[in-house]
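One structure below.
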Amino acid sequence: MALVFILSGPNLGRLGSREPDIYGNTDYAGLEAKCKEQAHTLGLIPEVRQTDSESELIHWLHEAVDRGADVVLNPAAFTHYSYALRDACAMVTKSGSRLIEVHISNPHTREEFRHKSVVSGVATGVIAGFGVDSYLLAISQLAR
Ligand code: DQA
């Protein structure tokens, strides 16, 4: 069975209470449960993690490379400026694993600084704007 890392960056642990008009009412525990259920249903082995730390997120991407895992990544605000995270994402896709960048909101409809992703250029694909379903769509795609 294929291993999939489902990683979320800073402030996503506050889902449910953080700007529900933008991010919805599902809390992080709910998101984690939905992702695990979806992955198990599709025959994937999920590793679901969230961190506020750029360094920890980068180390998890290194681990994904070492373990040959595909990745669903919501880089949160790091999306817009972290070249270190981009370089780690490039290691994933260059290793032959797939990396799908996901966003709960559609950043292109929001403030201008959110319109740029430094990650998209090294991602396999991007899914944004479908609420927490963005994660579930990405997991389904990895199972195809
Ligand atoms: C986000 C969009 C980012 O701009 C923001 O910084 C986030 C969440 C999303 O899932 O919509 O923290 O990645």
Filter region 30-66 down to the residues that are assigned to a helix (DSSP H, G or I) and within 12 Å of the ligand (Cβ to nearest atom) and list them by number. 31
Checked against (1) closer than 19 Å to residue 139 by Cα; (2) surrounded by fewer than 14 Cβ atoms within 10 Å (Cβ to Cβ), residue 42 satisfies every condition except (2)
Residue list for region 56-73, restricted to those being among the basic types (Lys, Arg) and open to solvent by less than 30 Å² (accessible area, probe 1.4 Å): none
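With a cut-off of at least 3 residues that are over 15 Å from residue 8 (Cβ atoms) and in contact (Cβ under 8 Å) with a residue 24 or more places away in the chain, name the strands (runs of 3 or more DSSP E) lying wholly within region 67-144.
Values: elements: 70-74, 99-103, 125-128.
The strands (runs of 3 or more DSSP E) meeting that bar number zero.
Considering only residues of region 74-122 that are of a type in the set (Asp, Glu) and within 15 Å of the ligand (Cβ to nearest atom), which is surrounded by the most Cβ atoms within 10 Å (Cβ to Cβ)? If you could, list the steps in order and put the result at the bottom.
First, pick out the residues of region 74-122 that are of a type in the set (Asp, Glu): 87, 101, 111-112.
Then drop every residue that is not within 15 Å of the ligand (Cβ to nearest atom), which leaves 101, 111-112.
Values: 101: 23, 111: 8, 112: 7.
Residue satisfying both the conditions and the ranking: 101.
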Taking region 123-144 only, how many residues are open to solvent by 40 Å² or more (accessible area, probe 1.4 Å) and β-branched (Val, Ile, Thr)? 2
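The values are calculated or read from the model by the stated rules, or taken from the named source; none is laboratory data. This structure is a prediction, so every number in the text was calculated from the model and none was measured. In this analysis, Cβ positions are derived from the backbone assuming ideal geometry, glycine residues included, and neighbour counts consider all displayed protein chains. Surface accessibility is based on the protein's heavy atoms, side chains included, excluding ligands, DNA and RNA. Shrake-Rupley method; radii C 1.70, N 1.55, O 1.52, S 1.80 Å.
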